[in-house]
1. Note down all Cβ pairs under 8 Å where the first residue falls in the range 321-334 and is part of a helix (DSSP H, G or I), the second is among the aromatic types (Phe, Trp, Tyr), and they're at least six residues apart or on different chains.
2. Of the numbered conditions (1) open to solvent by 40 Å² or more (accessible area, probe 1.4 Å); (2) in a helix (DSSP H, G or I), Ala132 fails exactly one; give the number of that condition.
3. Any idea which of Val56, Val70, Val37, Val118 is open to solvent by less than 40 Å² (accessible area, probe 1.4 Å) and assigned to a helix (DSSP H, G or I)?
4. Which of the residues that make up the range 276-298 are touching a residue at least 60 places away in the same chain (Cβ under 8 Å), closer than 16 Å to Val235 by Cβ and open to solvent by less than 40 Å² (accessible area, probe 1.4 Å)?
5. Just to check your reading of the model, which residue among Ala270, Ala223 is in a helix (DSSP H, G or I), in contact (Cβ under 8 Å) with a residue 60 or more places away in the chain and closer than 24 Å to Ile159 by Cα?
6. Taking Trp311 and the conditions (1) out of contact with any Lys or Arg (no Cβ under 6 Å at 6 or more places or on another chain); (2) surrounded by fewer than 24 Cβ atoms within 10 Å (Cβ to Cβ); (3) in contact (Cβ under 8 Å) with a residue 12 or more places away in the chain; (4) hydrophobic (A, V, I, L, M, F, W, C), which numbered condition does it fall short on, given that it satisfies the others?
7. For the range 88-115, enumerate the residues that are open to solvent by 10 Å² or more (accessible area, probe 1.4 Å), part of a helix (DSSP H, G or I), touching a residue at least 40 places away in the same chain (Cβ under 8 Å) and closer than 26 Å to Gln52 by Cα.
8. How many of the residues making up the range 163-181 are open to solvent by less than 60 Å² (accessible area, probe 1.4 Å), out of contact with any Ser or Thr (no Cβ under 6 Å at 6 or more places or on another chain) and either in a loop (DSSP other than H, G, I, E, B) or free of Cβ contacts under 8 Å to residues at least 24 places away in the same chain (or both)?
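The values are calculated or read from the model by the stated rules, or taken from the named source; none is laboratory data. Because the structure is predicted, anything quoted here is derived from the model rather than measured. All Cβ positions, glycine included, derive from the backbone under ideal geometry; neighbour counts span all protein chains shown. Surface accessibility is based on the protein's heavy atoms, side chains included, excluding ligands, DNA and RNA. Shrake-Rupley method; radii C 1.70, N 1.55, O 1.52, S 1.80 Å.
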Amino acid sequence: MSSTMPVGARDLLRHGPFLFFLLSRSLSRFASQIAAVAIGWQIYDITGSAFQLGMVGLVQFLPTALLVFVAGHAADRFERKRVVQLCQLAEAATALFLAVSTFGGWLTDVQIFIATFVIGIAGAFESPATAALLPLIAPKGSVQRATAISSGAAQVATITGPALGGLAYVFAPSLPYFVIVAFWLVGAVLTGFIHITKQELSKPDAIADDVFAGVRFIRSNPAILGTISLDMFAVLLGGVTALLPIYARDILETGPLGLGILRAAPAVGALLMTIVLARYVINRHIGLRMFQAVIVFGAATVVFALSQWMWLSVLALAVLGAADTISVVIRFSLVQLSTPDEMRGRVGAVNFLFINASNQLGQFESGVTAALFGVVPAAVLGGVGTIAIALLWMKLFPALRKVERLE
């Protein structure tokens, strides 16, 4: 297959390097989703503490915050697929420890937290290296389509992974861990089969200066700075999913089944949109389309916030997920294609930190505003705030608004 001609979705799935990348990334995402369910359930089963359950998320996030610059530098300094492989092997080894310890009955809550921290370290290195791999394996002109397909696979894992983990836990508490050991090991093997074009490695001298080069590059590039900061503030203000349990019980009165449907709705909308974007890429007014998607995201949040009907709430969440997917595909493609290959790991690591921080802080912001102003006003405020941020960013970053094409 020519590496210089854009290809369709079907041909892209027959492109060996991308197929191996897609399968490997999907297995890692499935493993992460299953691990989240198994670890969360097990830590709560052992301790019976909601605080300890909340600490799991903090322990997973800390490595990203602490190692963001080192992880990004590693993705640029060393061969990226080898970095991903080593991370997958480390995750598999940690999962094997959890599986054997659970099966033997001697696993403690402290050991689970240590294992979670190790998996978080591996994830902190794996994510920027994986993101920086995609432009090297997608044929020229196909990064947007490849991103859409990859995002769709991630949504499938997000929807079905927790269910698979819960089902495995029913049969035996150790079974989910054995499953993810297999997933990460197979993922590591598939990563080894990825053939990439030559990677431009960063120079080994001036290491401390190189580590922070990604931050300086982002600050000097208005389009990338606007893209990453827009994502951070939009997710920070629009974190309505944290309020879904309250909506399901007190406002829509649907119970646990309704909560499950509400939680699945954004992922279903996102998955449907990725199918559309895999066939029909956005070729014009890229920057404007991204801002429009964020505005639709905010508007859908407001509709959900005010809805008293289950069908409208589900529809609003599906639209929210679809709009977010458009924004994510454009943002990811724009950042990767606007960044020199030797900088993609460091820039991607900063982007990954911002995304994780905004997700965590977005849940915190939603909880605080709900406690202060009430659930519905908090959700409405988040949606209106997201729209306001998009409009403000259009004024602050005109270069981003005027981006016409990605490739």
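1. Hits for this filter: Ala323/Phe297; Asp324/Phe297; Ser327/Phe297.
2. All conditions are met except number (1).
3. Working: Val70 fails: open to solvent by less than 40 Å² (accessible area, probe 1.4 Å); Val37 fails: open to solvent by less than 40 Å² (accessible area, probe 1.4 Å); Val118 fails: open to solvent by less than 40 Å² (accessible area, probe 1.4 Å).
Testing whether each residue is open to solvent by less than 40 Å² (accessible area, probe 1.4 Å) and assigned to a helix (DSSP H, G or I) leaves just Val56.
4. Scanning the range 276-298 gives Met290, Phe291, Val294, Phe297, Gly298.
5. Values: Ala223 fails: closer than 24 Å to Ile159 by Cα.
Exactly one of Ala270, Ala223 is in a helix (DSSP H, G or I), in contact (Cβ under 8 Å) with a residue 60 or more places away in the chain and closer than 24 Å to Ile159 by Cα, namely Ala270.
6. (3)
7. Step one: filter the range 88-115 for residues open to solvent by 10 Å² or more (accessible area, probe 1.4 Å), giving 89-90, 93-94, 96-97, 100, 102-111, 113-114.
So of that shortlist, the ones also part of a helix (DSSP H, G or I) come out as 89-90, 93-94, 96-97, 100, 102-104, 109-111, 113-114.
Among the residues that remain, those that are also touching a residue at least 40 places away in the same chain (Cβ under 8 Å) are: 89, 96, 100, 102-103, 109, 113.
Hits for the range 88-115 are Leu96, Val100, Thr102, Phe103, Asp109, Phe113.
8. Total meeting the criteria: 1.
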